Amino acid sequence: MATYRKRGEKWEYRISYKDLFTQKHKLKSKGGFKTKREAQHAASQEKAKLNSGFEVDNSSLLLEHYLNDWLINYKSGVVRKNTYEIHERNINKHILPYFKKINLVDLKPIMYQKFLNSLTDHGYSKRTIEIIHTTMANAMKKAVTLGKIERSPCEGVDIKGKEKESSELKYMDSEDIHDFLQEAYKYGYEYWIFFKILIETGMRKGEAAALQWTDLDLKEGTITINKTLDFKARSKEELFGDTKTFKSQRTITISKSLINDLHFHKKQQNQNKLALNEIYHHDLNLVLCRNNGNIMPKSSLFNAFNRILKRTNKPKLPIHSLRHTHAVLLLEAGADMKYVQTRLGHGSMEITSNVYAHVSKKIETDTLEKYEEYMKNILK
């Protein structure tokens, strides 16, 4: 119900209503209208909002509180763990430090555009800004759905920033692999088997570290990749998480050579289980682990990898380069991009093509040169 009264030269409306969520009776008023008709028109619009469940008390809702609620109520347990962490990092590292204690309803498109521009000014790449924008746009879209704001401040903005320069792809040359693995075996058997699996499968280190014996079918020669290991986990319950993307869940075939290595590895591990008995972490059932069955710490893997490279006088590389090494070996062996995409678990062919296009081009050029040399001998 709405009532109207004149206060001086201006008109005011007052609406009494029942909150659809709390079921409490409330009063909404607003003045400053030149005529009664203007006040009636504004009151009509306000009543429509109230009837549709629009929460009029959002005027004091801080952006900070809304974003935290959005994370907990609409993202936690719904999206993958790494996706949740990206949203959380974007909010705490970029969005809230800029907007501080602003109310949700006070955030306007021009303010949000200035925020995006500030990220550009700080040197962030266009892709990074797009990722941050995705978090905010997602949250604001939900705010509109919930009736907390009428329109998203993220609509129609322009994202600037430099395109990220493609860094040179780092991988181990095929002629260096034998020496590397030989030195790895001397350094420590558990590191040798870990790095050999990375080279022969192209798995991410977290995927390899999460492998359990139930994921392997040595009779059929397959490995099923369905989870990743959280090296920062505080408890065993938090150890295993989702793969990077849904496409990352895959089953791949492995070589006879690797099957034989894994049969031997299983026998070695069974000896450790018998020797350590209750000290062994039987419950984890890990394929790649310490001698006591516990996880391989990320720091240990990094240190071992760097030391082995140094001992073999090879250039410094990140562990992730072994994933690229596998892809390059596949391409050199004649595999097409679609097969590489499926085996690596990339979300799309575009990602695979972008990463390995220049490698594929180099292989094509080398092959053509060999062909031309071959034809020269024929046509002599």
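The values are calculated or read from the model by the stated rules, or taken from the named source; none is laboratory data. Not measured: the values here are computed from a predicted model. Glycine gets a Cβ as well: all are built from the backbone with ideal geometry, and neighbour counts include every protein chain shown.
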| said: Need a quick list: helices (runs of 4 or more DSSP H) entirely within the stretch 240-335 having at least 2 residues that are hydroxyl-bearing (S, T, Y). | reply: 298-311, 321-332
| Can L61 be described as surrounded by 17 or more Cβ atoms within 10 Å (Cβ to Cβ) and within 14 Å of K148 (Cα to Cα)? | yes
| remark: Residue set S248, S235, S257; condition at pLDDT below 95 and in contact with a Leu (Cβ under 9 Å, 6 or more places away or on another chain); output residue S248
| field | Candidate set from the stretch 328-365 (those that are modelled with pLDDT of 75 or more and basic (K, R)); member that is nearest to M203 (Cα to Cα) | value | R343
| query | Of the residues T135, T128, which is surrounded by fewer than 20 Cβ atoms within 10 Å (Cβ to Cβ), in contact (Cβ under 8 Å) with a residue 24 or more places away in the chain and of a type in the set (V, I, T)? | reply | T128
| task | Collect the residues in the stretch 209-232 that are under 23 Å from Y84 (Cβ atoms) and not polar (S, T, N, Q), keeping them in residue-number order. | result | A209, A210, I225, K227, L229, D230, F231, K232
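Would you kindly identify the helices (runs of 4 or more DSSP H) lying entirely within the stretch 118-215 that contain at least 1 residues that are of a type in the set (V, I, T), more than 30 Å from D69 (Cβ to Cβ) and out of contact with any strand residue (DSSP E or B) (no Cβ under 9 Å at 6 or more places or on another chain)?
174-187, 189-201
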| task | Would you check if there is a residue in the stretch 227-235 being surrounded by fewer than 23 Cβ atoms within 10 Å (Cβ to Cβ), in contact (Cβ under 8 Å) with a residue 40 or more places away in the chain and over 19 Å from S299 (Cβ atoms)? | result | no
| remark: S321 passes all but one of the listed conditions (1) within 30 Å of L169 (Cα to Cα); (2) among the hydroxyl-bearing types (S, T, Y); (3) at pLDDT 95 or above; the exception is number (3)
